[in-house]
There are 2 protein chains.
Amino acid sequence: MTHLSQDHTDLASQSEIRCATCFLRQSGFCGALLDARSRLPIRQDSRTTGAGETICFEGDPSEYVCILCHGWAVRSKQIADGRRQILSVLLPGEMFSSMMIFEENISFSVQAVTDVLVTRFNRADVKSALMIGPAVLHAVADVCITELREADQLLICLGRCNAEERMARFFLSLSRRLNSHRVNHHQRRHRFPLRQQDLADIMGLTPIHINRVIGRFRRAKYIEMSSGYLTIINKAALERICRCQFKDRGLAKIL
Amino acid sequence: MTHLSQDHTDLASQSEIRCATCFLRQSGFCGALLDARSRLPIRQDSRTTGAGETICFEGDPSEYVCILCHGWAVRSKQIADGRRQILSVLLPGEMFSSMMIFEENISFSVQAVTDVLVTRFNRADVKSALMIGPAVLHAVADVCITELREADQLLICLGRCNAEERMARFFLSLSRRLNSHRVNHHQRRHRFPLRQQDLADIMGLTPIHINRVIGRFRRAKYIEMSSGYLTIINKAALERICRCQFKDRGLAKIL
DNA sequence: CGTACGGTTGAGTCGCGTCAAGCATGGTGG
DNA sequence: CCACCATGCTTGACGCGACTCAACCGTACG
């Protein structure tokens, strides 16, 4: 653990950091990066943030590439009159955005939904690591492409889908992402800390309308939502809401 | 011109290709790539496509990285019932998407709006060029970041702006992009080949509603649109429609 | 001259937003 | 222990922005 600098306030405990590093190694980007340390020092630290707090502010300079190690967060942009659009939901193991590797100022905010643990790599070090071999480069390309694809998905969702379609797609895609993190790939019940206001800001709707759609889904026994948990009861029905839309290929490739 | 392979049908004339290569050198990515050819062969060809035709189909494999050299095109995705969302408007000098560098199958379609000239680099060659020095890498990072930022912009637009705000933002941002290509940076009159149906598919609205908003803008003397040309008459007014929204920093950074 | 395509305009409808009130929960302090 | 409050969820009434359907117009083209 000699690479961990602890000069900042609010540092996570050693055990949390150890857990974080161990966890990070599983993800493509961080694995490649940590491997690269044999040839190049890469400074890194970890810090916790409480639920509801803002981790990064839009426009601020940042010398870090941030990875969410524990908890949920959202990446968003705001317009002055208060309207907020969430650009992505961040789950454990994910980079805030690949833009953080190349840009000095970040163009978005990140807010903690639950208590979170964030690991930060020194941006200059990461950039240097890009040139020492193809592993890091490919890992970064992967992150970048995933981000672009998700953005395209969300765009078509906001531009051309109604409220029910948006919700159905969101639930399915989220469930899929959550399951890809775990051993059990067919979990139907998930921790779900997002508030209806957050859902509204993801889907470009109002929380009241979100509530009504959820109500419909609940009454139709498609899902269950209570006390911070989401259960997908009738996955097929949700897929039916979206499926009519998609060309030929299966949902798996699209969501 | 020894690098140009002409084994494909529908090839552009020699003069067009020369023009294209000359033009490409001005753009960061292509400039870096063409410079890299001193150390590495990079196969390349050019081809024309007629207005309205589809250049790439969603899901198709592609061994090329495509650059639009002349004309306008749109990158889009479709859902089975015919609904289409345009993800980006492609102007001369722009790569279709940075995803083309890393992905074997493309996840979008590209359609020619006008007659276009497209230069295609061999994807494997481009990937190899990434490792020979930082120039190409940085150029690619630039393309990638620009794309991510534009996607975020469009997301907030679709998620949180009404029709007038979307149109105003689109016109301003497009005018800005068009002017950045030319010597005269303050041109107010632009070639504008997009149909109202295209505008609708960009902004997630119907062409009829687009028509009404344009009508309002026209009557308010904000813009003029006729016979394939767009003129921004009252830029300040358009900015006012968006400005109220933006935090502190000026429009320039945002649009 | 007919056809096709895209733009324009009107009437009516509906999805979603707005406003407003009520409810459940959990934390706090007296 | 219970008032008190803050936060987030739920529900109803109503209005508006955007969609749908439909007709008409102008231009380009064979």
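Quick rundown of the values:
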item	result
For B:195-203, mean number of other protein chain Cβ atoms within 10 Å	1
Residue exposure sequence - A:Thr48, A:Thr231 - by fewest surrounding Cβ within 10 Å	A:Thr231, A:Thr48
Inter-chain Cβ neighbour average for residues A:145-154, partner chain, 10 Å	6
Region A:119-204 shape via C-alpha gyration tensor axes, a/c threshold 1.5	prolate
Quotient of C-alpha Rg and 2.2 N^0.38 Å, computed over region B:79-234	1.16
Label point 7 Å beyond Cα along the C-beta direction, distances from A:Gly59 to other copies (nm, shortest first)	4.5
Burial order of peptide ranges B:217-224, B:150-157 (average beta-carbon count within 10 Å, highest first)	B:150-157, B:217-224
Residue order, fewest to most surrounding Cβ atoms within 10 angstrom, among A:Met167, B:Met99, A:Met225	A:Met225, B:Met99, A:Met167
Label geometry 7 Å along the beta-carbon vector: A:Pro207 inter-copy distances in nm	4.1
Average beta-carbon neighbours from other chains, 10 Å sphere, peptide A:83-89	4
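Throughout, read-outs are computed from the coordinates displayed, never taken from laboratory work. Just so you know, these numbers come straight off a predicted model, no measurement behind them. Glycine gets a Cβ as well: all are built from the backbone with ideal geometry, and neighbour counts include every protein chain shown.
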